[in-house]
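The structure appears below as structure tokens.
The values are calculated or read from the model by the stated rules, or taken from the named source; none is laboratory data. The structure displayed is predicted, hence computed values, not measured ones. As a convention, Cβ positions derive from the backbone with ideal geometry for all residues, glycine included, and neighbour counts pool all protein chains shown. Accessible surface areas use protein heavy atoms only, side chains included; no ligands, DNA or RNA. Shrake-Rupley method; radii C 1.70, N 1.55, O 1.52, S 1.80 Å.
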Amino acid sequence: MPRMRKKADLPTKVCVTCGKPFAWRKKWERVWEEVRYCSDRCRAEAKRPVKTS
């Protein structure tokens, strides 16, 4: 079995919505280039229309 990687050694990106960095996850292995948001909450927030008063 391959050795485990340290979290610090994994690639990271910055979330488009909140601006926080997030690390690579196994479930994003095939689509890492397309991942833009750190969570479902940020993805939903990005799709919500902006209210202006």
Evaluation of PRO2 against (1) modelled with pLDDT of 95 or more; (2) assigned to a loop (DSSP other than H, G, I, E, B) (one fails), failing number = (1)
remark   = Per the filter on segment 11-53, residues among the hydrophobic types (A, V, I, L, M, F, W, C), free of Cβ contacts under 8 Å to residues at least 12 places away in the same chain and part of a helix (DSSP H, G or I) are TRP28, ALA44
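Which one is nearest to LYS7 (Cα to Cα), of the residues in segment 25-53 that are among the aliphatic types (A, V, I, L, M) and surrounded by 13 or more Cβ atoms within 10 Å (Cβ to Cβ)?
Quick first cut of segment 25-53, residues among the aliphatic types (A, V, I, L, M) only: 31, 35, 44, 46, 50.
Cutting the leftovers down to surrounded by 13 or more Cβ atoms within 10 Å (Cβ to Cβ) gives us 35, 46.
Numbers: VAL35: 18, ALA46: 27 Å.
Only one residue tops the list, namely VAL35.
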Criterion: among the charged types (D, E, K, R), open to solvent by less than 100 Å² (accessible area, probe 1.4 Å) and at pLDDT 95 or above - qualifying residue of LYS20, LYS13 = LYS13
